[in-house]
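> Pasting in a structure now, in structure tokens, and then I'll have a few things to ask.
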Amino acid sequence: MKRRIETKTSKTAQWTCVSRAVSFLESDKLYRSNDFLALQLLPKFLQILLKIPLFRTLYRTVFSPKGIYEYVIARTRYIDTVFQQALADGFEQILIFGAGFDTRSIRFQAQTKGTTIFELDVHNTQNAKILQFQKRNIPVPTNLVFVAIDFEQETLVHKLAEAGFGRNKKSLFVLEGLLMYLHPQAVDETLSVIRQYAGPQSRIVFDYLQASVLRQENQLYGEKEIYQRVARAAEQWRSAIEPRAFKKFLASHSFRIIDHKNAEELEELYFKNQEGKGLARINGTHCLVTAEIV
């Protein structure tokens, strides 16, 4: 049986885009993002709805599982920082896996000189994004390469070679909201391909699902709600990592950890006011990681 993303636009990609759009419209600077393009990538009727404060409040408090809106904000900021640092450090290539409605190639366009950005995704989701670019007259940067792939019919190595992604170059690999949707074998294969292509000092940034979530232990803040939401979207989670075994997992794929953040650490980083008081809780199911290829 085909998964939803093989026949239709990914719902989780759409949710993420909506969350980023809502965040851009926030007045509270702790919640406000700079993703000015997220709103433009949504249908016109939704753009109108999101500009209504009451509807945004309902989205945050009723329509979104506990702490997920805050997690998307934190994850976006975290990966934005890693992305911009790679550009500042002169990385030659950036490959965004499962790019969905990612807008970094345009938002940071002024900083991307000398860096080629590749966006990898299934045909339907990628085509939906390109169509919105065309409808909104949003120019596509000349250094952005779209790589559409049918994972049942095409191999990742072949598609990357076909798109001109070079081996042994200093590269950043972005896997945002991806690994948990892959079977464990596919996770290993994906990381193996990254290792084959990565040049010296290449980095990887990704988030992962804590293993207790797949066991439905319901130990983490907001776990039950988000698990049910994802299952209803027919985009079920398939893989997870035990946090206590995380370093071993990284080492087995020839990665050295640079940074690791769980929900509590992300709250500390992004959602404290000047007095040091925490103003939000982040869904506890995921962790964020930056690592270097060794």
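Where a number appears in this text, it was derived from the coordinates with a stated rule and is not lab data. Note that this is a predicted model, so its numbers are computed, not measured. Positions of Cβ are generated from backbone atoms using ideal geometry, with glycine treated the same way; all protein chains shown enter the neighbour counts.
> Under the Kirkwood approximation for Rh and a Cα-based Rg, what ratio Rg/Rh is obtained for the stretch 198-294? Before the final figure, lay out each step's value.
On the way: Rg = 15.3 Å, Rh = 14.9 Å.
Rg/Rh: 1.03.
> So in the chain, what percent of DSSP beta bridges are antiparallel if you round to the nearest 5? Don't skip to the answer; put the middle values down first.
Working: 14 of 35 bridges.
Around 40 percent antiparallel, to the nearest 5.
> Hey, got the dipole for the chain? About the Cα centre, +1 on K and R Cβ, -1 on D and E Cβ, debye to the nearest 20? Can you show the working numbers first?
Numbers: 40 positive and 31 negative charges, 124 e Å.
Using only the charged Cβ atoms, the result is roughly 600 debye.
> Here's a follow-up. Report, to two decimal places, the Cα Rg of the stretch 88-219 normalised by 2.2 N^0.38 Å (N = number of residues).
Details: Rg = 15.6 Å, N = 132, 2.2 N^0.38 = 14.1 Å.
Its radius of gyration relative to the 2.2 N^0.38 Å reference: 1.11.
> Just how large is the dipole of the stretch 145-215 about the Cα centre, in debye to the nearest 20, putting +1 at every Lys and Arg Cβ and -1 at every Asp and Glu Cβ?
Values: 7 positive and 8 negative charges, 89 e Å.
For this selection, approximately 420 debye.
> Another question, if that's okay. How much length, in nm to one decimal, is gained on full extension between Leu54 and Leu25, taken as 0.36 nm per residue of separation minus their Cα-Cα distance?
Extra length from Leu54 to Leu25 when fully extended: 9.2 nm.
> Give me a comma-separated list of calculated 3J(HN,Hα) values for the stretch 174-189, in order, Karplus coefficients 6.51, -1.76, 1.60 applied at θ = phi - 60°, integers in Hz, x for any Gly or Pro.
Each residue of the stretch 174-189 in turn: 10, 10, 9, x, 10, 4, 5, 8, 9, 5, x, 5, 5, 4, 4, 5 Hz.
> Using the basic label-point model (7 angstrom from Cα toward the beta carbon), what is the Glu154 to Ala251 distance in nanometres?
Here the modelled spin labels are 3.8 nm apart.
> Next question, about the same structure. Mind checking which lysines have their C-alpha under 26 Å from Lys11, skipping anything on the same chain fewer than 8 residues away?
Straight-line reach from Lys11, under 26 Å: Lys2, Lys44, Lys51, Lys66, Lys129, Lys135, Lys159, Lys224, Lys261.
> If r is the Cβ-Cβ distance from Glu162 to Gln201 and R0 is 41 Å, what FRET efficiency results, to the nearest 0.05? Don't jump to the answer; show the numbers that get you there.
Values: r = 26 Å, r/R0 = 0.63.
That gives a FRET efficiency of 0.95.
> Would you please give the FRET efficiency between His123 and Asp89, computed as 1/(1 + (r/R0)^6) with r the Cβ-Cβ distance and R0 = 45 Å, to the nearest 0.05? Before the final figure, lay out the partial values.
Values: r = 33 Å, r/R0 = 0.72.
Given R0 = 45 Å and the Cβ-Cβ separation, E is 0.90.
> Further, regarding this structure: With a point put 7 Å past each Cα toward its Cβ, work out how far Glu217 is from Val294 in nm, to one decimal.
Each label point lies 7 Å from its Cα, and together they span 2.7 nm.
> Going by average Cβ density within 10 Å per residue, which order do the peptides 51-59, 103-111 take, highest to lowest? Please report the intermediate quantities before stating the final value.
On the way: 51-59: 12.8, 103-111: 18.0.
Going from most to least packed, we get 103-111, 51-59.
> Choose one of Gln210, Phe55, Leu87: the residue whose Cα lies farthest towards the positive end of the charge dipole of the chain (beta-carbon charges +1 Lys, Arg; -1 Asp, Glu; about the Cα centre).
Working it through, the farthest residue towards the positive pole turns out to be Phe55.
> If the viscosity is 1.567 mPa s and the temperature 4 °C, what translational diffusion coefficient in µm²/s does Stokes-Einstein give for the stretch 4-293 when Rh comes from Kirkwood over Cα pairs?
66 µm²/s
> How much FRET efficiency would the formula 1/(1 + (r/R0)^6) give for Ile130 and Glu275, where r is the Cβ-Cβ distance and R0 is 51 Å, rounded to 0.05?
On the way: r = 45 Å, r/R0 = 0.89.
Once the sixth-power term is evaluated, E becomes 0.65.
> Taking neighbour counts of Cβ atoms within 10 Å as a proxy for exposure, in what order, fewest first, do Thr190, Thr76, Thr155 appear? Write out the running numbers ahead of the final one.
Values: Thr190 19, Thr76 23, Thr155 12.
Arranged by neighbour count, lowest to highest, Thr190, Thr76, Thr155 become Thr155, Thr190, Thr76.
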